[in-house]
Every structure is written in C-alpha cells, then in structure tokens.
Amino acid sequence: MLKPNHPTRRLLVAGGFEVEYELNSYYGDCQTDVQIVDIRLLGDDANAGRRPALWRAKHEEEWRTDGASKPKLTATATQAGSAQAPLKLGINGQCEDLRDSLEVVAEHINRGDSKKRADLEKSGYQMVYVPPESSAWAAGWRTLKSLGNSGSGQQRLAARLVASHMYEAHQQGLHVDWTSQGEGAWVLIEAMRHLKQKNIDLKQRQKIFLSDHTRSQFEADRYRRALNMDISDEKWLSAVGGLTQEVGGRNFGLAPLLSEGNELIHHTPRGERLGHTVKICWELGDYLVKKWGTAGTAAGLAAATGGNAALALTVVKALHKATPMLISSLPGAKDHYFKSTGDQLRQMINNRAKR
C-alpha cells in the first residue's frame, strides 16, 4: 500500500546488475506505476570483489573461487540441494579480502568438526561475499553504537542479494543450509526480514546457523519461525563471546529470554505452557542475578514489594545457591536428560501434568 503522490525510490540487486526504480501513484489511490530510473551492469565490480556477489568455492590445497561470480543460485554436482545433500552457503563478516573470507567462512561452516571439514573440501560450498568495510574497528563500532541494528551500504546490498537467492532456492525447491559468520548475521537476518514482508513460506527446506553473531538472535529466531524454516536443530547458533556479540547478538542477555517468550506464546502446546513458564521465570531470575548481582537483585525485589532489603538479600542468595541442588534432589528429577536447572523444572512439571 502506497501513499498517493509519494514516490519511493528502490533498488533491485542481482548478481551482475542492479535496477533502480520508483513506485509512483498518479491516480490518487493505491494503483501504482513502476518507473525504471537506471539499469547498471556490475559484472566487473562483482568479479573484482568490490561488491557483494555469489561465489562458488572449491578446495585445492587451499580454498579458491571456482571462476567468476555467479548471478544465480543453483545446485551443483556435489550438492544437489536435496534433504540429504543440501546446498551449503556462507556469508562472511569482517575479513581482509575474498581469499581470506573463503578460508574463514569454511571453518565456520565446519563448526570445528574434522569430518565435516573433509566432506566440505570434497563438495565445495557457495558464499555470498560481502566486501570489507574501511576497518574491522569501524564494523565493531557500528555494532556497539546501534546495538547491532545498523548495517553498512555493502551489507544492505548483500541482504537484498541473499533474499533473492533464498527466493530462487524456494522456487526451485532446493534445501539450503545458511551459515553467517560475525557481521554476516546482519546480512542474513535482514534478508529474512525482506522475505517476511512478502509472507514467503519456505516449507522447512532452508535453515540458518549464526556463528559469533552480532545481530539479535531473537530477531533471527522470530523470522526463521515466521518463514517456516527448518528449526529442528537445537544448536542453531554459537558464540565465542566478546563485546559486539554480547551487545548486538544477545542484547545483554535479553535476546534468549525474548526468544523463550516468543516460543511460549506462539509455539508451545497448551499442555506444556506451565512448565515452559516456570523455566522462563527461573532463567529470568538467573539473568538478573548475573547482571545485577545478588545485592542489586535483592534491592530491586525489596523496592518492588516494600520489603526489608537485608532480608531480601539473604533470601536471594539462599535461593540462587540452593535451588539447583534442591531441584536435582527431588524424586524423578534425573529421569530425563536436561540442559539446565530451568529445563529440569520444565520437564518435571510437564511430565507430571501428563500423568
């Protein structure tokens, strides 16, 4: 829907060209004309690595590009795009150049697994290359300044390119595993946002992995569910820590909690909501203690309830230390594998409710 008489200039980016156009409404309502302003061929720029583009990588003692950049995403002889042999695609973060990006992204796709590395060296992979910014410091500073919400011009171009390739794969019925490295998470999540605006259903053929991400994992989780991506892998992100990841990727620890809340409201069966709610409450308390300390959390609790601050401090300390041990000692607490105290609480409550 467009506002009458409000032209909007937009840019369509493909592998070797871009089309600049405007949407105009001369009729006083929502009927629209598309006016092409400029068409620019960018083959030389893409092949020289000065603009975002899709490249195929092959391994010959080291990672190399397989010829020129590719305007379309297609299956290869070694990666058919089936459920058993999905296309492997990577998006680089801040790297020195194209050759450096090939090595770095390959390591992140491998997840540090030697067998996966050997398989990837045989099959090769494809990468949407995002040319470097002026410096790694500038990229990190942008993440900190905007809490991971602001991308550069190159990243915005790359996001449109990734969105178009996601849609190409969808139209061809291809299975794709996307891996973003570092600042590449901004590109991947922005591309997902573009597709969400079109209400695309990816039919669980595509999935993502965020490696050391610098944009909110809550945004990524929300979009992957909205696009009906494959979310069967519990481990769909990893991080080595660091300030940009904590600020941009985890939102100071709030992003995982927001994802839990979104899952509870929109994706949890009614019979399991109580256990999931208790799990979130425990994780929220644990988050507050780690962020503000026992004294700060107790002070906030006392102020909110009108209670005694010293008593609140004693209670918070005791609960935070004793609760995991007490829960682990309850009958049936160790009947199932659990990942955390919150997960143990959730399983105990839901399993008892089902009896």
Report task. For the range 78-93, indicate whether the set of residues that are modelled with pLDDT of 90 or more, of a type outside the set (Lys, Arg), surrounded by fewer than 18 Cβ atoms within 10 Å (Cβ to Cβ) and over 24 Å from LYS207 (Cα atoms) is non-empty. Result -> no
Report summary line: Of the residues in the range 206-244, those that are of a type in the set (Ser, Thr, Tyr), closer than 19 Å to SER152 by Cα and either without any contact (Cβ under 8 Å) to a residue 12 or more places away in the chain or open to solvent by 30 Å² or more (accessible area, probe 1.4 Å) (or both) come to THR244
Requested in this report: Those residues that are open to solvent by less than 40 Å² (accessible area, probe 1.4 Å) and either β-branched (Val, Ile, Thr) or free of Cβ contacts under 8 Å to residues at least 40 places away in the same chain (or both), I need them from the range 105-126; list them, please.
Outcome: VAL105, ILE109, ASN110
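The values are calculated or read from the model by the stated rules, or taken from the named source; none is laboratory data. Just so we're clear, the structure is a prediction, and the values are computed from it rather than from any experiment. Here the Cβ is made from the backbone with ideal geometry for all residues, glycine too, and neighbour counts use every protein chain on show. Quick note on the areas: whole protein, heavy atoms, side chains included, nothing else; ligands and nucleic acids left out. Shrake-Rupley method; radii C 1.70, N 1.55, O 1.52, S 1.80 Å.
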